[in-house]
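Working notes for the structure below.
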Amino acid sequence: MTEEPTPRDESSVDTADRGVDESEERAQQHLLGQLFAALTARWRDGESQLNIGVKQQDLLEALHTNRDGLNQLFSLLRQHITPLGLELVEYRLGRETRYCLRTLYGVPSELTDPEYAVLGVIIAAIENAGARRRARKTTPKELDAALVTRGRLSRYQLDRILRRLADLGYIERSTNRIAYGPRTELEFDAERRKAIASTAATYLVGTTSSKGSEDGESR
């Protein structure tokens, strides 16, 4: 005697499918939440340099994926963050590719005019080095010659400003080297850096700044 096949319970199958879909969606949302947290992170390394976002290689290893898989995740993330006024940014710091999130809207600058002027001089020096196919950096000695020797700032003022620029992540500073920090790469694109460099040239040939201001402000 042949047994009749048991009819499929379609409602049970649909419920199971929905359960799988909901489980996958929850897992995806959890992963996107972790990715969002990583991309908005700011932390300091062993040398107290400010780091923003996350390295590409660290993401690939943590997510156990490749570039295609990472790009798919980024596409999903963009769908969620764009309505919030955020964008995903890829930038390079040294030889590393990094990613972070930034606002689509302008934010007030944390820099004083003298700090912005010194950053402009640094940008001008580094962009000029890049145009000459030299390492994209400048040195404290070059800044000293441009700003202290010419009477724009005192050595104390310059050192204080450089410390603050490094603390805010605009530059990476060592004894013999000054290079871009992550915030300079993120906040100023190539066109903006060119404009800042031009303004810096005007600053250097302008009137001598006051050297007596202890708060570092030139007038």
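The values are calculated or read from the model by the stated rules, or taken from the named source; none is laboratory data. Not measured: the values here are computed from a predicted model. Cβ: placed from backbone, ideal geometry, glycine included. Neighbour counts: every protein chain shown. Side chains are part of the model used for accessible areas, which takes the heavy atoms of the whole protein and leaves out ligands, DNA and RNA. Shrake-Rupley method; radii C 1.70, N 1.55, O 1.52, S 1.80 Å.
What are the radius of gyration and Dmax of the stretch 156-205, computed over its Cα atoms and given in Å?
Here Rg and the maximum Cα pair distance are 11.8, 32 Å.
If each residue of separation counts as 0.36 nm, what is the full-extension length gain between ASP21 and GLU110 once their alpha-carbon separation is subtracted?
Working: separation 89, 0.36 × 89 = 32.04 nm, distance 4.59 nm.
Residue separation times 0.36 nm, minus the Cα-Cα distance, leaves 27.5 nm.
Just to verify a number: what accessible area does ASP113 come out at with the full protein assembly present, 1.4 Å probe, Å² rounded to tens?
Looks like 130 Å² after rounding.
In the stretch 145-188, what trypsin sites (Lys or Arg not before Pro) fall in a loop by DSSP, with at most 16 other Cβ atoms inside 10 Å? Intermediate values should be presented prior to the final figure.
Details: sites: ARG150, ARG152, ARG155, ARG160, ARG163, ARG164, ARG173, ARG177, ARG183; in loops: ARG150, ARG152, ARG177.
Passing sites in the stretch 145-188 are ARG150, ARG177.
On a full-extension model of 0.36 nm per residue, what is the gain between ARG92 and ASP45, subtracting their alpha-carbon distance, rounded to one decimal in nm?
Values: separation 47, 0.36 × 47 = 16.92 nm, distance 1.70 nm.
Full extension from ARG92 to ASP45 adds 15.2 nm.
So between ARG177 and ALA131, what do we pick up on full extension, going 0.36 nm a residue minus the alpha carbon distance?
Numbers: separation 46, 0.36 × 46 = 16.56 nm, distance 1.80 nm.
Stretched fully, the ARG177-ALA131 segment lengthens by 14.8 nm.
Label points 7 Å out from Cα along the Cβ direction at LEU70 and SER198: separation in nm?
Going by the 7 Å Cα→Cβ label model, 3.6 nm.
Say the dipole of the stretch 43-151 comes from +1 at the beta carbon of Lys and Arg and -1 at that of Asp and Glu; which of CYS100, ASN66, THR138 then lies farthest toward its positive end?
Going by the Cα projections, it comes out as THR138.
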